[in-house]
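All of the numbers you see were taken from the coordinates with simple rules; none came from a lab. All values reported here derive from a predicted model rather than from experimental measurement. No Cβ is skipped: glycine too gets one built from the backbone with ideal geometry, and neighbour counts run over all protein chains shown.
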Amino acid sequence: MLHQASGRWKLGLLLALVTAACWATLPVALKVSLSVLDPMTLTWFRFAFAAVFMGLWLLGKRRMAVFGSLQPKQWRWLLLATVLLIGNYIGYLLGVKYTSPGNAQLLIQLAPLLMALGGVFIFRERFVWGQWLGLLIIVLGLGLFFRDQFAGGLVTGHNYLLGSAIVGAAALSWAAYALMQKQLLLKLSSQHILAVIYLFSALLLWPFAHPSMLANLDALHWALLLFCALNTLVAYGAFAEALEHWQASRVSAVLATTPMLCLGVVALVHALWPEAVASEHVGLLGFIGAALVVIGSALSSLLGQKPEEKT
């Protein structure tokens, strides 16, 4: 039996937009935080914070009993989903070392495209011709943006290829995680799934983290670190709920707008705090590509809605 969306597509669209906004602001906070923390410690703290928060929330709601009914197979799925999400987090951070934030955010958009294909071929989600056209436009837009950034010479040679490969692997890892989480919704709520994944992730990363580094953070970097941690809770909570109410293929199309939103955030932060984040250099070709991503996202996410779907 495969999971089916509730049909409340307007709520799903809103939650997907919240997720996109969170992921658009996250790279800037991560880049500044990485100047004082290593990737393992930063990622461990985000997961540990989220695990404590979700655990206390479920305890307060007296909703822990459901874990006792899980079968070994479902625990294995949760563990595999955890490993896949860790791979995405660490891979993205390592990829940023070799490509600019704009390039990394662009390339990670392979993840929602791969999730869309998984939604079609695994969950048998139906695509009308306009949605297929939208996906093709998204791919074209991403390609133009990629060409613009590469031609700008911001990152060249083996470092760029290595960083691109790492981010690509992180995107594949995330798409597999997202589809596995969607199937787990048959047995668990999104809150229960995320609580277990956060806990498993924190435990798996603990031996590789350096918690003592946190004692050296000033107030600004603590604020940024807490923002990254809260971003994890809000973004993945909204994403999980979006999958509950809307098709995975359409959620992924909305998430494809994240690079444009990220460019806006980088420009704003650079204007207010130029020493913290370098500006992104985007030419005409890059802006055309970004515009095509938005157009394609709109086609893929909004076309084909049926009148009888719940609102």
> Which ³J(HN,Hα) values in Hz, rounded to whole numbers, follow from the phi angles of segment 104-109 under the Karplus curve 6.51 cos²θ - 1.76 cosθ + 1.60, where θ = phi - 60° and Gly and Pro get x?
Replying inline: 4, 5, 5, 5, 5, 6
>> Counting each pair of different Cα atoms once, what's the Kirkwood radius of segment 170-302 in Å, rounded to one decimal?
In response: 17.8 Å
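Divide by every residue of the chain the summed helix terms, -39500 (n - 2.57) for each DSSP H run of at least 4, and state the resulting mean residue ellipticity at 222 nm, rounded to the nearest 500 deg cm²/dmol. Write down the numbers at each step before the final one.
Details: 12 runs with 229 residues, N = 311.
Value at 222 nm, helices only: -25000 deg cm²/dmol.
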> Which ³J(HN,Hα) values in Hz, rounded to whole numbers, follow from the phi angles of segment 239-245 under the Karplus curve 6.51 cos²θ - 1.76 cosθ + 1.60, where θ = phi - 60° and Gly and Pro get x?
Replying inline: 5, 4, 5, 4, 5, 5, 10
>> Students often check this: by mean Cβ neighbours within 10 Å, which of 61-69, 39-47, 7-15 ranks highest, and how do the rest follow?
In response: 39-47, 7-15, 61-69
> Any idea what the alpha-carbon Rg over 2.2 N^0.38 Å comes to for the chain?
Replying inline: 0.98
> What are the semi-axes of the equivalent ellipsoid of segment 166-227, taken as the square roots of 5 times the eigenvalues of the Cα gyration tensor, listed largest first and rounded to whole Å?
Replying inline: 29, 16, 13
>> Could you tell me how far the Cα centroid of segment 193-263 sits from the Cα centroid of segment 94-108, in Å?
In response: 17 Å
> With contacts defined as alpha carbon pairs under 8 Å and 6 or more residues apart, what's the relative contact order of the chain in percent?
Replying inline: 44 percent
>> Given the options 43, 89, 245, identify the residue whose Cα lies farthest towards the positive end of the charge dipole of the chain (+1 on Cβ of Lys, Arg; -1 on Cβ of Asp, Glu).
In response: 245
